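The values are calculated or read from the model by the stated rules, or taken from the named source; none is laboratory data. Just so you know, these numbers come straight off a predicted model, no measurement behind them. Neighbour counts are summed over all protein chains in view; Cβ atoms, including those assigned to glycine, are modelled from backbone coordinates with ideal geometry.
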Amino acid sequence: MKPDDEKTLTSAMRLKKKAAPKKKRSHHADGGSKAGLKKEYKRDQAPPEDKKDRAARNRAHAKVNPPKGREVHHIDGNPRNNTKKNLSAVSVKFNRSESNRRRAKRRR
């Protein structure tokens, strides 16, 4: 073996080690996680009541059109009551804390 051949061989081996392994492409809708696929399945196969609530929330969002960083808040807690008096735009933090407070009251 010639000295030039050895140099070429060792440099090729070094390059091979440095090359990053190819990432497998996934056919899942969310980019690859099985957990994401489960969430998607649960969302699409939700009970009819949940689908009606989600549709009502979407209509409320269209009515109020809250600015970025804010969410639609249903004052009486009923997501299907989309009257103007019942809707307001509040911060995400407030909306989450308010819903948790209501859930805690229902458990008692």
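Please verify whether region 39-56 includes one or more residues that are surrounded by 15 or more Cβ atoms within 10 Å (Cβ to Cβ) and either assigned to a strand (DSSP E or B) or touching a Gly at 6+ places or on another chain (Cβ under 9 Å) (or both).
no
So which residues in region 78-89 are under 25 Å from the mean Cα position of the chain (by Cα) and exposed (fewer than 15 other Cβ atoms within 10 Å of the Cβ), if there are any at all?
Residues satisfying the conditions are ASN78, ARG80.
So for region 62-77 (the condition being of a type in the set (Lys, Arg), more than 20 Å from the chain's Cα centre (by Cα) and modelled with pLDDT of 90 or more), does at least one residue qualify?
For region 62-77, residues of a type in the set (Lys, Arg), more than 20 Å from the chain's Cα centre (by Cα) and modelled with pLDDT of 90 or more: present.
What number of residues in region 67-99 are closer than 25 Å to GLU40 by Cβ and either in contact with a helix residue (DSSP H, G or I) (Cβ under 9 Å, 6 or more places away or on another chain) or of a type outside the set (D, E, K, R) (or both)?
7
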